[in-house]
Structure formats: structure tokens, C-alpha cells
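> Quick one: the structure is below, and I'll ask about it shortly.
The numbers here are math on the coordinates, done by the rules we state, and not lab data. What you are looking at is a predicted structure, and each value in this text was computed from that prediction instead of being measured. FYI the Cβ positions are ideal-geometry reconstructions off the backbone, even for glycines, and counts take in every protein chain you see.
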Amino acid sequence: MDLGIAGKWALVCGASKGLGFGCAQALVREGVQVLLNARGADGLQQAAEQLRAQAQAGAAAGGWALPQVLTVAADITTAEGRAAALSAPGGPGAALDIVVTNAGGPPPGDFRTWGRQAWLDALDANMLTPIELIRATVDGMAERGYGRIVNITSSAVKAPIDILGLSNGARSGLTGFVAGLARSPLAARGVTLNNLLPGRFDTDRLAATLHAAAARTGLSLQDERAAQQARIPAGRFGRPQEFGALCAFLCSLQAGYITGQNLLVDGGAYPGSF
Ligand code: NAP
């Protein structure tokens, strides 16, 4: 299916690896021009090179112009980082058609040990940064009649995890904000805003949490991995490519009637009907 977005411009944050990279990969495959962001310049360059190689094959298969793949090495949770992304040389400035917000998640822990600064950091990274990027781009999207915001949040928004209080709190704030904005007059002007809620996906972040879990349970890394996979009805962790494919669909022409939604992608791990 042609998603109808070849030639559009996307900013994909946290895109040098993991879920962000999966999203960028799926968009490039559809001929979307991407501005990739992450803090580490080396990882970002490697990701961009991989995507440029794939862009050629995608453009040949889809029959569209070769999409540009640009990079901005910056911390997107800072005002300077966001300004750099929105003024990257050769990029579209704030005239983006698609914005995928993403950054590292806050650390786990016991809320009794978190002071005000820990909360402010979590709110900055996982609530206020997406809101600032939305603020900078949605009115221009509405003027041009097309816009897609996809926020990478977490299944913890729907099924909070006790030790992830910072994530539960900050991401729920973003979720409430997006729910309201998605139903504003932007909806009639071609702009959709949705959240993607990953369960357990096979990324470096998951590998780090597996190490920590194995240290807690006393299981070997392999056994801890198997035990966690066994608790997921799908019997495995998700693949970033699967996540990216859904992100690209949400950014498509065909998804214009989907807005204000929280889409859980967790292999059936959440046990409820709704
Ligand atoms: P990952 O594999 O560790 O990748 C994170 C990406 O974000 C990297 O490219 C990293 O590159 C970049 N990044 C981190 N902080 C950044 C910042 N301040 N500014 C710009 N880029 C930044 O993580 P992931 O598994 O893809 O997770 C992505 C998000 O989904 C996280 O918020 C995570 O909490 C959430 N999530 C993941 C899972 C899962 O199972 N994987 C489950 C639930 C929620 P640099 O370090 O070079 O900046």
C-alpha cells in the first residue's frame, strides 16, 4: 500500500537506534525525507548511512524521488536542542509534516528518593519536550492542511509500573494534553495527534533493563529473557520494525481519521478489554 507521504518532511527524535530508528526506517521506506535526531553524533551518522542506502532501494521500488536523510546531533530535551532541530541546514525548519517525539525514559526507582529536580527532569524529557515540539509545528501543519504528530510513550501509561513512577506521571501528563489538543479545531484542518504505547521491544534499553532484572532475580540473563517473554501472550519481545510500520501508517494519508488515540503495541501483554 502506498501511504501517500513520499516527499513529506519528518523529524524523528531519538532516532539513532531502537524504536525511533524503526520509525525513521519505515518512513524513509515510504519516501519521506527525514531529519534524524539523537545526542550521539557517531551513532546518528551510522543510522543515517544505513537509511540512505535503504532510501535508494525504496525510491526505486516506489517510483518516487530519493528522500533526503539529514541529522541533528542534539539533546532534544533542551531548548537549544529543539532550536537546532527546527533550524537544521537543508531541512524544512519548523515546516515539518510529521513529528515523531521520543527521548530516553526516566530512571526507575522509589518515589521516596526523588526530589523536585528528578521530577522536573522527567517532565522536561517526557512531557514538556513533546509539547514544545507540537507547539512549534502544528499551526504550520494546519495552514498547509496536513500534519501528523506521533508521540512514543509507554504501555506504562495504560498499566502503570510501580518503580516507573517518573515515567507514569510525566507521560500521563502528555497523554492528557494530547487528548485535548487532538479534539481542537486542528482535527478539521488535517492534523492528527496520536500516542504509540510500546510494551516490551527488543532494543538496547530493554537489554539494560534485562540486566538489572537478572541481577534482582538471580536468574541468568538468558533465563530472565525467556521468563519475561513467556509472560507476553505473543511469546516474544516486539521488533522495532513492527513498531516503525505502525508509526508510518499513523503518518499516512489513510490514517487521517485516527486522532487522539493511544495505541498499545505489546504482544497482548495488557490483560484488559479496553
Ligand atoms: P533506546 O534503544 O535506548 O534508544 C533511544 C534513542 O533515543 C537513541 O537513539 C538515543 O540516542 C536517543 N535519545 C535518548 N535521549 C535523548 C535525548 N535527550 N535527545 C535526543 N535523543 C535521545 O530506547 P528505546 O527502547 O528505543 O526506547 C525509546 C522510548 O520508548 C523511551 O522513552 C523508552 O522509555 C520508551 N519505551 C521503550 C520500551 C521498550 O521495550 N524498548 C518500552 C516502553 C517504553 P543518544 O543516546 O545518542 O541520544
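> In degrees from 0 to 90, rounded to the nearest 10, what is the angle of the helix 41-62 Cα long axis to the longest principal axis of the chain?
Value to nearest ten degrees: 50.
> Output the lone cysteines of the chain: those with no second cysteine's C-beta under 4.7 Å from their C-beta.
By the Cβ distance rule, which asks for a partner under 4.7 Å, the isolated cysteines are C13, C251.
> Work out Dmax and Rg for region 88-142 from the C-alpha atoms and quote the Rg first, both in angstrom.
When restricted to Cα atoms, region 88-142 yields Rg and Dmax of 15.0, 47 Å.
> Taking the Cα centre of region 77-150 as origin and charging only Cβ (+1 Lys, Arg; -1 Asp, Glu), how large is the dipole, in debye to the nearest 20?
80 debye
> Angle check, please: helix 240-250 long axis (alpha carbons) against the longest principal axis of the chain (alpha carbons), in degrees 0 to 90, nearest 10.
Approximately 50 degrees, to the nearest ten.
> Calculate the FRET efficiency for L219 and A159 from the Cβ-Cβ distance with a Förster distance of 25 Å, rounded to the nearest 0.05.
Values: r = 23 Å, r/R0 = 0.92.
Efficiency for this residue pair is about 0.65.
> Just how large is the dipole of region 1-54 about the Cα centre, in debye to the nearest 20, putting +1 at every Lys and Arg Cβ and -1 at every Asp and Glu Cβ? Please report the intermediate quantities before stating the final value.
Details: 5 positive and 4 negative charges, 20 e Å.
Computed charge dipole of region 1-54: roughly 100 debye.
> Can you give me the Cα centroid spacing of region 1-64 and region 203-274 in angstrom?
21 Å
> Also, I was wondering about something else. Order these peptides, 125-131, 143-149, 10-16, by their mean beta-carbon neighbour count within 10 angstrom, highest first.
On the way: 125-131: 23.0, 143-149: 19.3, 10-16: 27.9.
Going by the mean number of other Cβ atoms within 10 Å, highest first, we get 10-16, 125-131, 143-149.
> For R148, enumerate residues with amide H under 5 Å from its amide H, sequence gap 5+ or separate chain, H modeled in the peptide plane.
Amide H to amide H, under 5 Å and 5 or more residues apart or across chains, R148 pairs with I98, V99, T192.
> Let me ask another. Any chance you could run the full-extension gain for R135 through F274? It's 0.36 nm times the residue separation minus the Cα-Cα distance, nm to one decimal. If you can, show how the numbers build up before the last one.
Values: separation 139, 0.36 × 139 = 50.04 nm, distance 3.00 nm.
Length difference between fully extended and current span is 47.0 nm.
> Per 5 Å bin from zero, what fraction in whole % of the C-alpha pairs of region 1-136 is there, up to the bin with the longest pair?
2, 11, 21, 21, 18, 12, 7, 4, 3, 1, 1, 0
> Right, next: Treating only the Cβ of Lys, Arg, Asp and Glu as charged (+1, +1, -1, -1), what charge dipole size does the chain show about its Cα centre? Round to the nearest 20 debye.
Charge dipole, the chain, about its Cα centre: 340 debye, nearest 20.
> For a distance above 35 Å, tell me the whole-number percent of Cα pairs in the chain that qualify.
Value for the chain (Cα pairs over 35 Å): 14 percent.
> While we're here: What order, most packed first, do the peptides 178-191, 227-240 have when packing is the mean number of other Cβ atoms within 10 Å of each residue?
Working: 178-191: 16.2, 227-240: 14.5.
With the highest mean Cβ count within 10 Å placed first, the list reads 178-191, 227-240.
> Would you please give the residues with an amide H less than 5 Å from that of F201, counting only those at least 5 places away or on a separate chain, with H modeled from the backbone geometry?
The answer is G238.
> Size of region 112-264 along its principal axes in angstrom, Cα-based, largest extent first?
56, 38, 21
> Could I have the simple spin-label model distance between Q50 and T78, label points 7 Å from Cα toward Cβ, reported in nm to one decimal?
Between Q50 and T78, the label points sit 2.6 nm apart.
> Something else about it: Please list the equivalent ellipsoid semi-axes of region 75-194, computed as the square roots of five times the alpha-carbon gyration tensor eigenvalues, in descending order and whole angstrom.
In descending order the semi-axes read 28, 17, 10 Å.
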